[in-house]
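**Student:** Dumping the structure here so I can ask a few things about it.
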Amino acid sequence: MPPLTRWYVKCALLYLAAALLIGVGAAVPGSWQLGPLFARLRPVYFHLFLVGWVTQFILGVANWLFPRAGRQHFNHHPALAWTAFGLINTGLILRIFLEPTPPNTAAWIGWGLALSAVLQWSGGLLAILQLGRRVWQA
Amino acid sequence: MKFHPVIRWMLGFSLFYLVLGFTLGSLLLIHKGINLHPLLWNLRPVHIEITLWGFITQLAVGVGYGIFPRYRARRPRGNPAAHTVLVILINLGIVLTILGSWNFAPDWTPAVGAAAKAVGFGGFAVTLWTRMRPYRV
């Protein structure tokens, strides 16, 4: 298993665990007393599950198993593939911490969310460019 | 290793939808942070549709189609022409469902889109079902 795949899958499993914990927390009787917090955690919960777990698990396994043009490298540009991994995770972690804050707390939080979006988007695009090449060139 | 054309198209489409999913999701998150335009929230159902059906489901079915057991010497995965039609139906269905979420589209658009997706994914479900066998049988 290539190192990038191991990192993707390990992070995916950690995000899965975090999503499950939030799910348990939201289901515990009495957690409604924390109502607004759990309402604000809802988008974080979905994105921990779908971006953190599902998408990163898919990207990691695809990086491992998709056909390769040569036998030496999994990616034409390994540095870009690692950059994609870093951008997606930095963006997602930023989102996890900033999104549940109450609205209108501070202007920088809004800009932080925008930065998180740009990081995840650019990371996703880089990762897909690496994989797409392998789908079409195989 | 070379991908079967049906698999290649399904994986290609699913990665394309992932690009769209990341793009729309990022626009929504930026809007949440710094209020770009209120109409952007209308893209939320599109974001969900292309992520869940276009990316995740299509990728899972495409990978299953590629790696499930193949028993027949000729056409080991079944009829490729029929499966190509199913891929077209799936993606036509997704596009129609997206168009149907907007006001300008005719009323029948979401129903036809959902039906096309159902026939497309349903056809692949039948194909995958028939290719599942226990070991040593």
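The values are calculated or read from the model by the stated rules, or taken from the named source; none is laboratory data. Keep in mind that this is a model prediction, so the values were computed, not measured. Every residue, glycine as well, gets a Cβ built from its backbone with ideal geometry; the counts of neighbours run over all protein chains shown. Keep in mind that these areas ignore ligands, DNA and RNA; they rest on the heavy atoms of the full protein, side chains included. Shrake-Rupley method; radii C 1.70, N 1.55, O 1.52, S 1.80 Å.
**Student:** In this structure, does residue B:28 turn out to be out of contact with any Ser or Thr (no Cβ under 9 Å at 6 or more places or on another chain), among the aliphatic types (A, V, I, L, M) and at pLDDT below 95?
**Tutor:** The answer is no for residue B:28.
**Student:** Considering segment B:58-76 alone, what residues qualify as being loosely packed, with under 13 Cβ neighbours inside 10 Å and assigned to a helix (DSSP H, G or I)?
**Tutor:** Within segment B:58-76, just B:67 meets the criteria.
**Student:** Regarding segment B:102-113, can at least one residue be identified that is more than 14 Å from every other protein chain (Cβ to nearest Cβ) and within 30 Å of residue A:87 (Cβ to Cβ)?
**Tutor:** No, that holds for no residue.
**Student:** Scan segment B:1-41 for residues that are within 30 Å of residue B:83 (Cα to Cα), of a type outside the set (Phe, Trp, Tyr) and more than 7 Å from every other protein chain (Cβ to nearest Cβ) and jot them down.
**Tutor:** Scanning segment B:1-41 gives B:4, B:5, B:6, B:7, B:10, B:14, B:20, B:21, B:24.
**Student:** Still on this structure, please answer the following. In segment A:126-138, which residues are in contact (Cβ under 8 Å) with a residue 24 or more places away in the chain and facing another protein chain (nearest Cβ under 7 Å)?
**Tutor:** A:131, A:135, A:138
**Student:** Taking only segment B:1-57 into account, find how many residues are without any contact (Cβ under 8 Å) to a residue 40 or more places away in the chain and not in a helix (DSSP H, G or I).
**Tutor:** Going through segment B:1-57 one residue at a time, the tally reaches 5.
**Student:** Give me a count of the residues in segment B:77-100 that are in a loop (DSSP other than H, G, I, E, B) and open to solvent by 50 Å² or more (accessible area, probe 1.4 Å).
**Tutor:** Going through segment B:77-100 one residue at a time, the tally reaches 1.
**Student:** So how many residues does segment B:99-114 have that are at pLDDT 95 or above and either among the charged types (D, E, K, R) or under 13 Å from the mean Cα position of the chain (by Cα) (or both)?
**Tutor:** Going through segment B:99-114 one residue at a time, the tally reaches 2.
**Student:** Among the helices (runs of 4 or more DSSP H) contained in segment A:29-138, which hold 3 or more residues that are modelled with pLDDT under 85, closer than 27 Å to residue B:30 by Cα and within 12 Å of the chain's Cα centre (by Cα)?
**Tutor:** Result: empty, no element qualifies.
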